[in-house]
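Below is one structure, written out as structure tokens; the observations come after it.
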Amino acid sequence: MTHQHNEAPETAVRPTDWWRDAVIYQIYPRSFADGNGDGMGDLPGIRGRLAHLRDLGVDAVWLSPFYASPQADAGYDVADYRAVDPLFGTLADAEAVIREAHDQGLRIIIDIVPNHCSDQHAWFRRAVAEGPGSVLRERFHFRKGRGDNGELPPSDWESVFGGPAWTRLPDGEWYLHLFAPEQPDFNWDHPAVQDEFRSILRFWLDLGVDGFRVDVAHGMVKAPGLPDIGHGEQARLIGSQILPFFDQDGVHAVYRSWRAILDEYPGQRIGVAEAWAPTLDRLARYVRPDELHQGFNFHYLGTDWDAGALRAAVDASLSALGAVGAPATWVLSNHDVVRHRTRLGGGLDRARAATLLMLALPGSAYLYQGEELGLPEVTDLPAEVRQDPSFFRDSGQDGLRDGCRVPLPWSGTEPPYGFGAGDTWLPQPDDWATLTVQAQTGDPASTLELYRSALGLRRTHPGLGAGDTVEWLDDAPDGVLAFRRPGGLVCTVNTTDAPARLSVPGRPLLTSGRQLPLLDGDFILPADTTIWWEE
Ligand code: GLC
């Protein structure tokens with residue numbers, strides 16, 4: 001075989017890149033499984049349930065934060081990036097999860113939170129204790145206030161969780177926090193901050209993690225001078241335009257330096273950007289060949305259940321990400337949004353159809369724990385059990401983030417459904433007995449078995465996630481998506497609430513809904529149903 005050196009563009013797809021078509025399962029540690037019976041999920045709980053993930057057939061796991069943290073934002077307020085919070089276990093437990101996941105053929109990606117830390121982080125505590133003039137204050141954004149007595153915030157920036165992004169200390173200075181006041185923002189112009197995070201990456205890479213999900217990857221670098229925006233309701237602008245604190249061009253230098261570190265390690269360690277960029281083209285900048293590997297596709301997550309809109313979102317994603325040689329990614333649910341069974345407005349049928357559509361698209365797909373059980377959003381949590389900081393602030397996010405974080409049901413007929421022992425940190429509904437892993441296992445009509453079958457087929461038919469294009473079949477009726485994937489796979493999706501009639505594309509492989517008899521070369525695709533076919 002002749003080797004053609006220098007022929008492939010820098011962005012050429014290497015079929016050995018495991019992450020290009022990986023299915024990555026998000027574990028929210030507080031709510032996955034409780035090993036010590038305190039009602040809060042933990043690392044030993046995860047360890048005990050790795051077989052579930054292996055049987056499900058995912059390629060990798062992303063763990064939301066388990067670092068030492070006062071839990072002002074469920075662990076996204078990190079006090080020590082090299083320590084495990086006792087709530088979740090020990091560093092030895094983390095190492096055991098990594099090792100045993102690898103033994104089961106699962107890769108492990110952990111969350112890294114570089115935009116901000118906890119107000120209990122050693123640097124911030126010293127910065128506060130040492131008072132104005134402390135050199136530690138330079139690692140954050142401390143400013144004097146405006147107004148005659150410095151009584152007004154230094155800029156008009158608002159917190160993503162609502163209210164001002166500045167808090168004043170008793171000594172008169174203000175500090176910046178784009179999220180909760182317990183989450184002070186780092187000053188990423190400071191070399192000590194840059195060095196510290198490079199060192200933290202190495203610490204975890206040395207322990208064997210396969211990559212990082214980068215929290216608020218569009219944050220970190222702020223516009224020089226922290227200029228006013230001059231516009232209220234900034235939370236609404238996030239993701240639709242460039243703000244002086246989000247999606248600043250300077251952030252890409254950080255990712256270039258991180259990529260060099262990832263590439264030093266064997267086994268293709270990856271970085272995944274949680275970047276709320278205003279356009280897909282801006283998102284693509286985070287996944288250029290010398291930056292991170294993937295970025296979450298929130299444009300897709302935000303697309304309505306509408307054939308035209310979905311097709312446009314798929315095409316736009318493939319084109320923007322393909323232009324930089326990165327795989328597209330797809331996601332329907334995570335710990336910050338309403339579960340897709342509830343959000344898409346069509347109940348379980350629509351959720352299942354949406355999942356099979358997603359899993360037939362080229363690229364990598366992210367699953368959120370519990371979606372394989374068809375869990376709905378819990379919408380009736382009383383205010384006294386709520387923990388999401390955005391719920392308690394006066395505006396900003398909708399405060400619904402607790403409803404997707406309710407602990408998983410594993411077995412049994414009443415709470416805690418095998419999650420652990422005693423009361424769970426958020427109460428589970430009384431009617432989840434039929435949704436447990438145990439109840440669904442072996443039932444071919446269950447959502448769990450649908451996910452297992454779909455992920456099994458992704459392994460035996462690699463064409464399902466392969467490549468970077470979709471071949472649309474244009475003879476589909478209105479409201480129906482039909483497309484061909486490599487290897488002769490065809491996916492048909494009915495997004496309408498009425499059955500549609502199509503010609504049979506081949507042998508049915510898997511359906512999200514009812515399988516109806518074929519009629520004379522045609523078939524009926526029920527409402528809110530996806531079917532995979534083999535030509
Ligand atoms: C990200 C996380 C979210 C967290 C926020 C602040 O958006 O996904 O849960 O509250 O960052 O760290």
For this session: Please specify each residue of the range 120-141 satisfying the condition of being within 16 Å of the ligand (Cβ to nearest atom) and either surrounded by fewer than 22 Cβ atoms within 10 Å (Cβ to Cβ) or assigned to a strand (DSSP E or B) (or both).
Result: 120, 140
For this session: Among the candidates 83, 96, 92, 79, single out the residue that is within 15 Å of residue 116 (Cβ to Cβ) and surrounded by fewer than 23 Cβ atoms within 10 Å (Cβ to Cβ).
Result: 79
Seminar exercise, completed: Only unsatisfied item for residue 175, checking (1) part of a strand (DSSP E or B); (2) without any contact (Cβ under 8 Å) to a residue 24 or more places away in the chain, is (2)
For this session: Determine whether the range 243-254 contains at least one residue that is away from the ligand (no atom under 16 Å from the Cβ), closer than 27 Å to residue 493 by Cα and surrounded by fewer than 18 Cβ atoms within 10 Å (Cβ to Cβ).
Result: no
Problem set entry | Residues being at pLDDT below 90, more than 12 Å from the ligand (Cβ to nearest atom) and part of a helix (DSSP H, G or I) - total across the range 385-410 | 1
Exercise. Would you call residue 267 more than 16 Å from the ligand (Cβ to nearest atom) and part of a loop (DSSP other than H, G, I, E, B)?
Worked result: yes
Problem set entry | Cβ pairs under 7 Å, 6+ apart, first in the range 329-343 and more than 12 Å from the ligand (Cβ to nearest atom), second basic (Lys, Arg) and in a loop (DSSP other than H, G, I, E, B) | 333/339
Exercise. Could we say that residue 442 is part of a loop (DSSP other than H, G, I, E, B) and touching a His at 6+ places or on another chain (Cβ under 9 Å) here?
Worked result: no
Seminar exercise, completed: Selection from the range 142-170 of residues of a type in the set (D, E, K, R) and outside any loop (DSSP other than H, G, I, E, B) yields 143, 146, 158, 168
For this session: Please list, ordered by first then second residue, the pairs with beta carbon atoms under 6 Å, 6 or more apart or interchain, first in the range 34-51 and more than 21 Å from residue 402 (Cβ to Cβ), second of a type in the set (S, T, N, Q) and open to solvent by less than 30 Å² (accessible area, probe 1.4 Å).
Result: none
Exercise. Within the range 270-297, restricting attention to residues that are in a helix (DSSP H, G or I) and open to solvent by 20 Å² or more (accessible area, probe 1.4 Å), which residue is nearest to the ligand (Cβ to nearest atom)?
Worked result: 282
Exercise. Could you count how many residues in the range 99-113 are open to solvent by 10 Å² or more (accessible area, probe 1.4 Å) and out of contact with any Asp or Glu (no Cβ under 7 Å at 6 or more places or on another chain)?
Worked result: 6
For this session: Provide a single number: the residues in the range 142-177 that are among the small types (Gly, Ala, Ser) and within 16 Å of the ligand (Cβ to nearest atom).
Result: 4
For this session: For residue 208, indicate whether it is within 24 Å of residue 62 (Cα to Cα), open to solvent by 10 Å² or more (accessible area, probe 1.4 Å) and assigned to a loop (DSSP other than H, G, I, E, B).
Result: yes
Exercise. Could we say that residue 365 is more than 16 Å from the ligand (Cβ to nearest atom), in the same structural domain as residue 450 (by TED's automatic domain parsing), part of a strand (DSSP E or B) and within 21 Å of residue 307 (Cβ to Cβ) here?
Worked result: yes
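Yes/no matrix, rows are residues, columns are (1) farther than 25 Å from residue 247 by Cα; (2) within 22 Å of the chain's Cα centre (by Cα); (3) in a helix (DSSP H, G or I):
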position	(1), (2), (3)
54	yes, yes, yes
65	no, yes, no
71	yes, yes, no
75	no, yes, no
78	no, yes, no
83	yes, no, no
94	yes, yes, yes
101	yes, yes, yes
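The values are calculated or read from the model by the stated rules, or taken from the named source; none is laboratory data. Nothing here was measured: the structure is a model prediction, and the numbers come from that model. Note that each Cβ is placed from the backbone with ideal geometry, even for glycine, and that neighbours are counted across all protein chains shown. Accessible surface is based on the protein model in full, side chains and every heavy atom, while ligands, DNA and RNA are left aside. Shrake-Rupley method; radii C 1.70, N 1.55, O 1.52, S 1.80 Å.
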